[in-house]
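The next block holds one structure in the form of structure tokens; read it before the comments.
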Amino acid sequence: MDLVAGGGQLIIVMEHRDSKNRPKLRRECTYPLTGRACVDYVVTDLALLRWQQGRVVLDEVAPGFTPTEVMDLTEMEIVTAPSVRTMDT
């Protein structure tokens with residue numbers, strides 16, 4: 001709750017899929033929300049995503065993955081940045 005109310009940039013670091021290989025980035029939240037539209041970046045083991053003008057943008061993908069593969073492993077709707085980069089190893 002303090003992170004949501006803090007007013008700074010909020011960066012979430014998490015795994016892209018759960019232990020049963022289900023997407024963690026969902027179209028709709030299934031838990032009660034602490035705040036809405038408060039996350040600026042999400043960093044997963046597969047991608048770097050950012051919120052820009054009300055949509056989620058794929059900025060970087062992990063080595064060995066393509067933007068299309070990351071999008072297929074994500075339930076929520078995302079768009080690719082004009083020049084998606086590969087994360088440095």
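The values are calculated or read from the model by the stated rules, or taken from the named source; none is laboratory data. Since we're looking at a predicted model, the values are computed, not measured. With ideal geometry, Cβ positions are generated from the backbone for all residues, glycine too; neighbour counts draw on all protein chains shown. All accessible areas refer to the heavy atoms of the entire protein, side chains included, with ligands and DNA or RNA removed. Shrake-Rupley method; radii C 1.70, N 1.55, O 1.52, S 1.80 Å.
So who's got an amide H within less than 5 Å of the one on MET87, skipping anything under 5 residues away but keeping other chains? H placed 1.01 Å off N, in plane.
VAL61, ALA62
Among all stretches of the chain without exposed GluC sites (Glu not before Pro) (DSSP loop, at most 10 other Cβ atoms within 10 Å), which one is longest?
29-76
Would you grab the residues whose amide H sits under 5 Å from the one on THR80? Only those 5+ places off in sequence or on another chain, please, with H modelled 1.01 Å from N.
LEU58
What whole-number distance in Å separates the alpha-carbon centres of the stretch 49-89 and the stretch 5-44?
Centre-to-centre distance over Cα atoms comes out at 15 Å.
Before I look further, what does the stretch 24-87 give for accessible area per residue, probe 1.4 Å, in whole square angstrom?
Spelled out: the 1.4 Å probe surface of the stretch 24-87, per residue, equals 65 Å².
Out of the stretch 33-71, which trypsin sites (Lys or Arg not before Pro) are coil in DSSP terms and have no more than 12 other C-beta atoms within 10 Å?
Answer by residue number: ARG36.
Quick check: at a probe of 1.4 Å, how many percent of the accessible area of the stretch 26-89 sits on carbon and sulfur atoms?
So the carbon and sulfur contribution to the accessible surface is 48 percent.
Please report Rg over Rh for the chain, where both radii come from the alpha carbon positions and Rh follows the Kirkwood definition.
0.96
If I model a spin label as a point 7 Å beyond the Cα along the Cα-Cβ vector, how far apart are those points for VAL79 and ARG22 in nm?
3.0
Probe 1.4 Å, all protein chains in place: accessible area of MET87 in Å², nearest 10?
Only protein atoms counted, so the area is about 40 Å².
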